[in-house]
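Bear in mind these aren't lab numbers, they're just calculated from the coordinates by the rules spelled out. Quantities reported herein were computed from a predicted structural model and do not represent experimental measurements. Every residue, glycine among them, receives a Cβ derived from its backbone with ideal geometry; neighbour counts consider all protein chains shown.
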Amino acid sequence: MHGPLFLLELGGVVLLLAVLSRIAGRFGFSPIPLYLLAGLAFGEGGVIPLVTAEAFVESGATIGLVLLLFSLGLEYSAQDLVRSLRDGAAVGGVDIVLNAIPGFLAGLLLGWDVLAATVLGGVTYISSSGVVARILDELGWMGNRETSTVLGILVFEDLAMAVFLPVVSILLTGGQASEIAVEAALAGLLVAGILVLASRYGDVLSRAIVTPSDEAFLLALLGILLVVAGSAEAVNVSAAVGAFLTGIVFSGSAASRARRLIRPLRDVFAGAFFLFFGFQVDPSSIPSVAIPATLLAAVGAASKLATGWWGARRAGVGPRGRRRAGWALVARGEFSIVIAGLAVAAGLEPKLGPLAATYVLLLAVVGPLATHLVHRAGTGSARR
Amino acid sequence: MRRRGAPRPEPRDDDARTVVSETPLPGVGIRFEFQTASGRRVAVIHHRSGRKELTVDDVRDPDASRDILSLDEQDSRTLAELLGGSQIARELDQLQQRISGLGIDWLRVQEGSPFAGGTIGDTQARTRTGVSIVAVLRGDDAVPAPGPEQVLQAEDTLVVVGTPRGIEELAVLLRTG
C-alpha cells in the first residue's frame, strides 16, 4: 500500500484538474491547454515536481489514451467511415496537404530528420474532434449547412490517423526495410480486418457483450478494450488505434450504453494523459521553441481556415458559412498530443515535445475563442 | 456530402410535395431539412442520444441556423402531436375530405382505459360502433391493418375509420368500456 503522501499528492492533482476544468468551462474553451500547463508545472523541472504520484499518473495516462480513442471510435459507425472515405476524399486530401506539409517543412527547416518532421506534420495536421464537436454543439451550429462538411473532415482525419499512427510507430521502432514492410503489411491487415469485422458483425458482437448489469458490462468492455489495445501495441499498430477500432466495432444500444458508462472514466484518465504529457516536457525548453511554435500556429490557423473555406464552398455554402467552417477547424488538441506523445516516448527529437505542447496550447485556446467571436459577430449583424 | 452549387430553390408551390432532405452528421446523428411554404429552411437534428434540435435558418445568412429548441423524446412527441401528427396523418386527412360521410380520426388509449392491455377484439369496436381500427400507432412504430388479436397499450393512438357518430361512440367506449 502507498502511504498518505501518495493520496495527498494525487488528491491535490485531481483537485487542481477540477478547478482548471471549471475555469475552462467558464470561458468556453477546452481544458486541455490548462491540463498541459499543470503538467508543465508539476513535472520534470517544474515548480513543484511530484514525488510519489507520478508513476500512477503515467499508468493513468496510458489508460487515458486508450479511453480517449475508444470513445472517439464509439461515435462513429463503420458506415460513417466508409461514407466519409467515399464522399470526403477530396476535401480530406486538401486538408492533409494544406495542414501537414507546413509542419513537415518546419521540421526539416529546424534541421530534424525526416521521421521527426513527419511526426510534426501529423501534429500540425489534425484538428481536435472533441473540441470541434463541442464548439459546433455549443454554438448551435448543428443545423448549419457547412456543418456536415466540417464533421466529414473530422471523420476523415480520424481515419487518416488510424493509418498514420501505426506507420509512425513502426518507423519509430526502426529495423531493416524488409522488417518494416512486413510489420506495415501486418498492421494494415489488422486495421482492415477489424473494419470489416465491424461492418459485418458489429451487431452480433455488441449483442454478445450486453448484460443487464452495468457493472458486468463495464468490466467486460474495459477488459476487451485493454486486451485489444495491448495486442495492437504488441504488433506496433499502437494501442490508440486498437482502441479506436474497438470503439467502431460497437454499435447500437451497446455503443450508447458504453458511451454513458465510459465517459466519467475517460474524463478522469484523459486528464492524466494530458498531465503526463506536460510532465515529460521541461518548461525551461519552451522559450527556445516559442518563436517557431507561434509561427507554426499562425500558419496552422490559416491553413485550417483555407481548408474550411474550400470545403464549404465546394458544398455550395456562402462566404459566412465558409468562414465558420474554417474557424471551427482551427482547434488542435488531444490528437496532436497523441501523435507527439508517441515520438516523445520513443525519445525522438528533444524539441518535438515542447514544440507540440506550445502549438497545442496556442491553438486549443485561440481556435475556440475566435470561433465564439465569429459567432457573436455573425449573430450581431443578423439582428442588426 | 451534397453539392449545392445551384441557386437556392424558390419557395415551393402549395400543392407540391414537401421534399425532406437527409444529411448524415457523422458522430452526431442525422439532420432532416425541408423548406416551408414561406421559403424558410427548417431543420430537425436527431442526435444519437435521442435529443432532438429544431432550428430555422437565419434570414440574413441562409447557411446558418438559429438554434430554437432542444427537445427530449417526450417533448418531441408532444410537439408532433400539437402540430397535427405525421405526414401520413395529413394525407389521410385529405382522403377523408373526398369521401363524404366517412370520418377518420385518431383516438388515444388513455392511461386507465379498460382496454389498455386488452386486444382489439376485446373492444368489439366493429360490432358496437361500426368503426374499423385501421392502424395502431405506438411511439415511432405503426401497426397497419391490425387483427383482432392485436394488443393495445396505454398511450397507443388508434387510427379509426367510420361515421363521425360511430367514432364518437368508440371514443367513449375506449374511455369507459
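Details
- The Cβ shell under 12 Å around A:Gly326 holds other residues with a net charge of +4, Lys and Arg each +1, Asp and Glu each -1.
- Orientation-averaged projected area, Cα convex hull of the protein assembly as shown (nm²): 31.2
- Legend: helices of chain A (whole DSSP H runs) are marked when their alpha-carbon atoms reach 20 angstrom or more along the helix axis and their mean Kyte-Doolittle hydropathy is at least 1.6; marked are A:4-27, A:89-109, A:147-173, A:214-234.
- Translational D in µm²/s for segment A:299-384 (Stokes-Einstein at 37 °C, 0.692 mPa s, Kirkwood Rh from C-alpha pairs): 231
- Those residues of segment A:101-138 whose amide nitrogen sits under 20 Å from the label point placed on A:Ala177, 7 Å along Cα→Cβ: A:113-116, A:118
- Fraction in percent of alpha-carbon pairs per bin - 5 Å, segment B:21-81: 4, 18, 26, 27, 17, 7, 1
- The separation of segment A:220-287 from segment B:100-131, counted between C-alpha centres, amounts to 54 Å.
- Cα-only radius of gyration and Dmax that characterise segment A:1-93, units Å: 18.5, 57
- Per-pair calculated FRET efficiency, R0 = 41 Å: A:Arg86 and B:Val56 via Cβ, rounded to 0.05: 0.85
- Taking 7 Å steps out from each Cα toward its Cβ at A:Ala345 and B:Val20 produces label points 4.7 nm apart.
- Just so you know, the averaged projected area of the alpha carbon convex hull for segment A:142-253 sits at 8.7 nm².
- Share of Cα-Cα pairs in segment A:80-220 lying beyond 19 Å, as whole percent: 67
- Neighbour-count ranking [beta-carbon atoms within 10 angstrom, fewest first] of A:Arg22, B:Arg51: A:Arg22, B:Arg51
- Couplings for segment B:23-33, taken from phi via the Karplus curve 6.51 cos²θ - 1.76 cosθ + 1.60 with θ = phi - 60°, read 10, x, 10, x, x, 10, x, 10, 10, 9, 9 Hz in order; Gly and Pro are left as x.
- At the listed q of 0.14, 0.22 Å⁻¹, the Debye profile of segment A:221-303, built from one uniform point per Cα, gives log10 I(q)/I(0) equal to -0.74, -1.03.
- Under 5 Å from the amide H of B:Ala154 lie the amide H atoms of B:Gly117, each residue being 5 or more positions distant or on a separate chain, with H modelled from the backbone and absent for Pro and chain starts.
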